[in-house]
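Below is one structure, written out as structure tokens; comments come after it.
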Amino acid sequence: MEHSSLPAVELIVRTIAETAIANEEYFCQLDAVVGDGDFGYSLARGFEKVLEDFANFDRSSIGAFLRKAGLVIASRAGGTTGPLWGTAFLRAGAAAGNRQALSPQDVVALLRAAVEGIRQRGGASLGEKTLLDALAPAIDRLEADLAGGVSDGGVQALANAARVAEQAAEATSSMIALRGRASYTGERSIGSPDAGAVAVGVIANRISAAWRDFRAQRSEQS
């Protein structure tokens, strides 16, 4: 991931969208344990629209592309999912600005901006059993690995981050939900993972696999 051009960003956004849609029922089942059970549905509807409009997105810069994705998600995904996930993309797009390529440090900065957007919009903090509990530690691991140098295009760094996200998502099972509909269940929320955190883990794993294949294809072509 020495430099991520727009095609690479497109790949990641498309992978997120396809994974959200493919796991709609699974995410709904997870959410139904302590929430209202519509998380998977809301996420899938937002990202269906992303794929529907994908070819028409503004590609004048990475920031413009991400901001358009954020606007679509915010307007089409229901409940709190639209505002939270839409804000993440909007903030990432704002951090990308008019860049045509991203350094590893830029990638981390975009992700940090997304996390801060989610935190501010949802009023959540770490340890409150939300998607931040999987996303934040995964970004920490990614940043640490990228700081040590990138010799494989970021393939291993993303694999490590995905593993951390999955482990952190599972660890939310021991937490008491303090945000969203799940917070109404109090201690009954202990014993099941947060659906949003699990979604982050599943999506991170798919991004890691897609990026590995992407880099392999690039290597074969060079």
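Each value in this text was obtained by applying a stated rule to the coordinates, not by laboratory testing. This is a predicted model, so every value here is computed, not measured. Counting neighbours? That spans all protein chains shown, and the Cβs are built from the backbone with ideal geometry, glycine included.
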Exercise. Given the Cα-Cα distance of R218 and S125 and 0.36 nm per residue of separation, how much length would full extension add, in nm?
Worked result: 29.6 nm
Exercise. What percent does the relative contact order of segment 5-80 come to when contacts are Cα pairs within less than 8 Å and at least six residues apart?
Worked result: 31
Problem set entry | Length added when fully stretched, D140-A209, from 0.36 nm per residue minus Cα-Cα | 22.9 nm
For this session: With an 8 Å cut-off on Cα pairs and a minimum separation of 6 or more residues, tell me the relative contact order of the chain in percent.
Result: 22
Exercise. In whole Å, what are the Cα extents of the chain along the three principal axes, biggest one first?
Worked result: 54, 36, 28
Seminar exercise, completed: Expressed in nanometres to one decimal, the distance between label points 7 Å along Cα→Cβ at S173 and E116 is 3.5
For this session: With +1 on each Lys and Arg Cβ and -1 on each Asp and Glu Cβ, and nothing else charged, work out how big the dipole of segment 4-221 is about its Cα centre, in Debye to the nearest 20.
Result: 500
For this session: Calculate, in nm to one decimal, what L11 and A109 gain on full extension: separation in residues at 0.36 nm each, minus their alpha carbon distance.
Result: 33.4 nm
Problem set entry | A94 paired with S60, simple spin-label distance in nm, labels 7 Å along Cα-to-beta-carbon | 1.9
Exercise. Top mean-square fluctuation among G153, G70, G86, Gaussian network model of the chain, C-alpha springs under 10 Å?
Worked result: G153
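Can you pull out the GluC sites (Glu not before Pro) in segment 1-103 that DSSP calls coil and that have at most 12 other Cβ atoms within 10 Å? Spell out each step's value before the answer.
Working: sites: E2, E10, E18, E24, E25, E48, E52; in loops: E2.
Taking segment 1-103 and a limit of 12 other Cβ atoms within 10 Å, the loop GluC sites (Glu not before Pro) found are E2.
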